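The values are calculated or read from the model by the stated rules, or taken from the named source; none is laboratory data. Note that this is a predicted model, so its numbers are computed, not measured. Using ideal geometry, Cβ is built from the backbone for each residue, glycine included, and neighbour counts are taken over all protein chains shown. Accessible surface areas use protein heavy atoms only, side chains included; no ligands, DNA or RNA. Shrake-Rupley method; radii C 1.70, N 1.55, O 1.52, S 1.80 Å.
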Amino acid sequence: MSTTVTRAELVEALVREVGLSRQDCATLLESILESMIAAMEAGETVKLARFGNFAVRSKRARVGRNPKTGVEAAIAARRVATFKPSPMLRAVVDGDSA
């Protein structure tokens, strides 16, 4: 069964680990996420040691096809966020010892 970790759950984990108030932990989490977003908007890669890299990649325009109807459609050039997990994270997810 798959579960999702929410911002609220991350805040609760910070409250337990750090011992700050819930409001302070929520502000801290928002600040971290905003810093990551700003760096990525500026084209920088966000590297979190032992976790992975977040980056923005530019994709060129191309012609795609609707798989249901087979009709071709133009797909505009765009920038996409990517994540590459670290070898350590990959090993933990695969169940290997880290």
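Which distance in nm do the two modelled labels at Arg16 and Asp94 give, with both placed 7 Å along the Cα-to-Cβ direction? Each label point is offset 7 Å from its Cα along the Cβ direction, giving 2.9 nm. Taking the accessible area of the chain, probe 1.4 Å, and keeping the other protein chains in place, the carbon and sulfur fraction comes to 56%. The aspartates and glutamates within cross-link reach of Lys84, meaning a Cα-to-Cα straight distance under 16 Å and a gap of 8 or more places when in the same chain, are Glu44, Asp94.
With protein chains left intact and a 1.4 Å probe, residues in the chain average 81 Å² of accessible area per residue.
Placing +1 on each Lys and Arg Cβ and -1 on each Asp and Glu Cβ, with no other charges, gives the chain a dipole about its Cα centre of roughly 720 debye. In the chain, Rg over Rh equals 1.11, where Rg is the alpha-carbon radius of gyration and Rh the Kirkwood radius from pairwise Cα distances. Straightening the chain between Thr4 and Ala74 buys 21.8 nm, computed as 0.36 nm per residue apart minus the Cα-Cα spacing. Label 7 Å along Cα→Cβ of Asn53; region 71-98 residues with amide nitrogen under 11 Å? Only 83-86 pass the distance filter. Model label sites at Val63 and Gln23, defined 7 Å from Cα along the beta-carbon direction, differ in position by 5.9 nm. Taking each DSSP H run with n ≥ 4 as -39500 (n - 2.57) and averaging over every residue of the chain yields -13000 deg cm²/dmol at 222 nm.
Dipole orientation for the chain: of the candidates Phe83, Gly43, Asn66, Asn66 has the Cα lying most toward the positive pole (charges on Cβ; Lys, Arg +1; Asp, Glu -1).
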